[in-house]
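Engineer: My structure is below; once you've seen it, I'll send some questions.
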Amino acid sequence: MTHQKIDANNSVCGICGGRNLDHLFWSTDFSRKTTQEQWSVSQCKDCTIVQTTPRPSIEELSRYYPDFYYPIGDVSTKYFKRYIMRYQKDKVEKISRFRRNGKVLDIGCGVGFFLKEASDTGYESEGIELSSLAANIGKERWKLEIVNSDFLSYPYSPSTFDIVTLWHVLEHFDQPVKVLQKVNQILKPGGLLVIAVPNIQSIQAKIFRSHWYGVDVPRHLYHFTPASLTSIVEPCGFKVDFVDHFCREHNGGVILGSIISLSPPNESFSHKLLRKTIGKYVTETLGWLESCLGKGGTFTLFAIKK
């Protein structure tokens, strides 16, 4: 594959500051349709991190996050138990292999689905969420402890938490290394860091490329592989313990979202039937198969603070 050299003046690696970026492909906001603009998905030849270039500023990014981007619909007990709880149980079960109790901080917690299940399981849980709409729903509906703030600017005390989780959040941060450095500060010695992200090295990512649901430009500023994420996690004071490629919640759904719209306005009955029956079960099977090959559509990294 021939890579197009992109303009170094407008494209600086957000990780190492290098200007040696290779263009891989162009992509647009096909899933949310907030804009017709295109972004280059490029790889830094120095640190190998794949990233969206040029990265939108913080002010620009806000207009690419419609309210419906956050899962703020029906958060009733019935909806949670029927559609959401089993995925949150998966997360808590995986964490319990490393820590069976302790104080948890969930960064980018949304309306608090994971927080609710972690709290119900016995963890002392709190979250931080940038969206006031999502944070308020979690606080009002489930009485969860959620701070409505930007993580990097919020004054957490050092060595406060036993576990810090980022479920599909790190790729949204403009400065992921600073996030990891701060997480290291607020974790207790031996504390657990959990990061789930889309896998740009997955089979589905290579097949769908610019139309891969997991690329989600311009909101996803970085596109990680297990090796590239490890390369920035460990210098921040962590030791990667395990990388899990299996995820019932997302791996099949990302394939399905690359093929058809997952939340079209005024969805027809036939589209909904296809999405919830044949589409769902076929893509879940495909997602499981690629996970068995160590090439899952998403992966979860577990690391211990040194």
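The values are calculated or read from the model by the stated rules, or taken from the named source; none is laboratory data. Note that the structure is a prediction, hence the values are computed from the model and not measured. FYI the Cβ positions are ideal-geometry reconstructions off the backbone, even for glycines, and counts take in every protein chain you see.
Engineer: Of Leu170, Leu152, which residue is within 25 Å of Glu60 (Cα to Cα), crowded, with 24+ Cβ neighbours inside 10 Å and not acidic (Asp, Glu)? Full working, then the answer.
Structural biologist: Values: Leu152 fails: crowded, with 24+ Cβ neighbours inside 10 Å.
After applying the criteria, what remains is Leu170.
Engineer: Can you list residue pairs whose Cβ atoms sit under 8 Å apart, with the first residue in region 131-144 being closer than 14 Å to Phe114 by Cα and assigned to a loop (DSSP other than H, G, I, E, B) and the second being of a type in the set (Ser, Thr, Tyr) and at pLDDT 90 or above? Count only pairs 6 or more apart in sequence or on different chains.
Structural biologist: From region 131-144, the pairs are Leu144/Ser119; Leu144/Ser125.
Engineer: What number of residues in region 45-67 are among the hydroxyl-bearing types (Ser, Thr, Tyr) and buried (at least 17 other Cβ atoms within 10 Å of the Cβ)?
Structural biologist: Within region 45-67, the subset among the hydroxyl-bearing types (Ser, Thr, Tyr) is 48, 52-53, 57, 62, 64-65.
Remaining after also requiring buried (at least 17 other Cβ atoms within 10 Å of the Cβ): 52-53, 64.
Adding up the residues that qualify gives 3.
Yes/no per residue for (1) more than 17 Å from Leu166 (Cβ to Cβ); (2) among the aliphatic types (A, V, I, L, M); (3) surrounded by 13 or more Cβ atoms within 10 Å (Cβ to Cβ); (4) within 19 Å of the chain's Cα centre (by Cα):
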{"position": "Thr230", "(1), (2), (3), (4)": "no, no, yes, yes"}
{"position": "Lys280", "(1), (2), (3), (4)": "yes, no, yes, no"}
{"position": "Gly294", "(1), (2), (3), (4)": "yes, no, yes, yes"}
{"position": "Lys305", "(1), (2), (3), (4)": "no, no, yes, no"}
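Engineer: Determine if region 254-270 includes at least one residue that is within 23 Å of Glu93 (Cα to Cα) and in contact (Cβ under 8 Å) with a residue 24 or more places away in the chain. Give the steps one after another, and end with the answer.
Structural biologist: Start the filter on region 254-270 by keeping residues that are within 23 Å of Glu93 (Cα to Cα), which leaves 254.
Among the residues that remain, those that are also in contact (Cβ under 8 Å) with a residue 24 or more places away in the chain are: 254.
Scanning region 254-270, I find at least one residue that is within 23 Å of Glu93 (Cα to Cα) and in contact (Cβ under 8 Å) with a residue 24 or more places away in the chain, so the answer is yes.
Engineer: Given the criterion among the small types (Gly, Ala, Ser) and over 24 Å from Val197 (Cβ atoms), identify the matching residue among Ser270, Ser291, Ser258. Quick ask: steps written out before the conclusion?
Structural biologist: Values: Ser291 fails: over 24 Å from Val197 (Cβ atoms); Ser258 fails: over 24 Å from Val197 (Cβ atoms).
Sole residue among the options that is among the small types (Gly, Ala, Ser) and over 24 Å from Val197 (Cβ atoms): Ser270.
Table: residues versus (1) among the charged types (D, E, K, R); (2) at negative phi; (3) modelled with pLDDT under 85; (4) within 19 Å of the chain's Cα centre (by Cα).
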site: Lys5; (1), (2), (3), (4): yes, yes, yes, no
site: Val50; (1), (2), (3), (4): no, yes, no, yes
site: Pro56; (1), (2), (3), (4): no, yes, no, yes
site: Leu61; (1), (2), (3), (4): no, yes, no, yes
site: Tyr64; (1), (2), (3), (4): no, yes, no, yes
site: Tyr70; (1), (2), (3), (4): no, yes, yes, yes
site: Phe98; (1), (2), (3), (4): no, yes, no, no
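Engineer: Right, another one. Quick one: which residue in Ser228, Ser202 is touching a Ser or Thr at 6+ places or on another chain (Cβ under 6 Å) and either farther than 18 Å from Phe173 by Cα or among the polar types (S, T, N, Q) (or both)?
Structural biologist: Details: Ser202 fails: touching a Ser or Thr at 6+ places or on another chain (Cβ under 6 Å).
Step by step, each of Ser228, Ser202 is checked, and only Ser228 is touching a Ser or Thr at 6+ places or on another chain (Cβ under 6 Å) and either farther than 18 Å from Phe173 by Cα or among the polar types (S, T, N, Q) (or both).
Engineer: Right, something else. Kindly establish whether Gly17 is farther than 14 Å from Leu221 by Cα, at pLDDT below 90 and either small (Gly, Ala, Ser) or in contact with an Asp or Glu (Cβ under 9 Å, 6 or more places away or on another chain) (or both). Outline the logic, then answer.
Structural biologist: Details: farther than 14 Å from Leu221 by Cα: yes; at pLDDT below 90: no; either small (Gly, Ala, Ser) or in contact with an Asp or Glu (Cβ under 9 Å, 6 or more places away or on another chain) (or both): yes.
Considered against the rule, which asks whether it is farther than 14 Å from Leu221 by Cα, at pLDDT below 90 and either small (Gly, Ala, Ser) or in contact with an Asp or Glu (Cβ under 9 Å, 6 or more places away or on another chain) (or both), Gly17 comes out as no.
Engineer: A follow-up question, please. Just a yes or no: is a residue in region 141-151 more than 22 Å from Ala303 (Cα to Cα), modelled with pLDDT of 95 or more and charged (D, E, K, R)?
Structural biologist: yes
For (1) more than 16 Å from Glu129 (Cβ to Cβ); (2) not small (Gly, Ala, Ser), each residue gets a yes or a no:
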position	(1), (2)
Ile163	yes, yes
His172	no, yes
Gln175	yes, yes
Ile186	yes, yes
Pro189	yes, yes
Leu192	yes, yes
Val197	yes, yes
Ser202	yes, no
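Engineer: Just to be sure, is Ser42 in contact with a strand residue (DSSP E or B) (Cβ under 9 Å, 6 or more places away or on another chain), assigned to a helix (DSSP H, G or I), modelled with pLDDT of 90 or more and surrounded by 12 or more Cβ atoms within 10 Å (Cβ to Cβ)? Let's see the steps before the verdict.
Structural biologist: On the way: in contact with a strand residue (DSSP E or B) (Cβ under 9 Å, 6 or more places away or on another chain): yes; assigned to a helix (DSSP H, G or I): no; modelled with pLDDT of 90 or more: yes; surrounded by 12 or more Cβ atoms within 10 Å (Cβ to Cβ): yes.
Considered against the rule, which asks whether it is in contact with a strand residue (DSSP E or B) (Cβ under 9 Å, 6 or more places away or on another chain), assigned to a helix (DSSP H, G or I), modelled with pLDDT of 90 or more and surrounded by 12 or more Cβ atoms within 10 Å (Cβ to Cβ), Ser42 comes out as no.
Engineer: Another one. Given Phe161, Phe98, which one is under 19 Å from Phe299 (Cα atoms) and among the hydrophobic types (A, V, I, L, M, F, W, C)? Reasoning before the result, please.
Structural biologist: On the way: Phe161 fails: under 19 Å from Phe299 (Cα atoms).
After ruling out the rest, the residue left standing is Phe98.
Engineer: Pull out all pairs, ordered by first then second residue, where Cβ-Cβ is under 9 Å, the residues are six or more apart or on different chains, the first lies in region 290-303 and is under 11 Å from Val243 (Cα atoms) and without any contact (Cβ under 8 Å) to a residue 60 or more places away in the chain, and the second is not in a loop (DSSP other than H, G, I, E, B) and not hydrophobic (A, V, I, L, M, F, W, C).
Structural biologist: As it stands, the answer is Gly294/Pro226, since those pairs meet every condition given.
Engineer: Another question about this same structure. Would you call Leu105 modelled with pLDDT of 95 or more, hydrophobic (A, V, I, L, M, F, W, C) and either surrounded by fewer than 17 Cβ atoms within 10 Å (Cβ to Cβ) or under 30 Å from Gly190 (Cα atoms) (or both)? Write out each step before concluding.
Structural biologist: On the way: modelled with pLDDT of 95 or more: yes; hydrophobic (A, V, I, L, M, F, W, C): yes; either surrounded by fewer than 17 Cβ atoms within 10 Å (Cβ to Cβ) or under 30 Å from Gly190 (Cα atoms) (or both): yes.
In short, yes.
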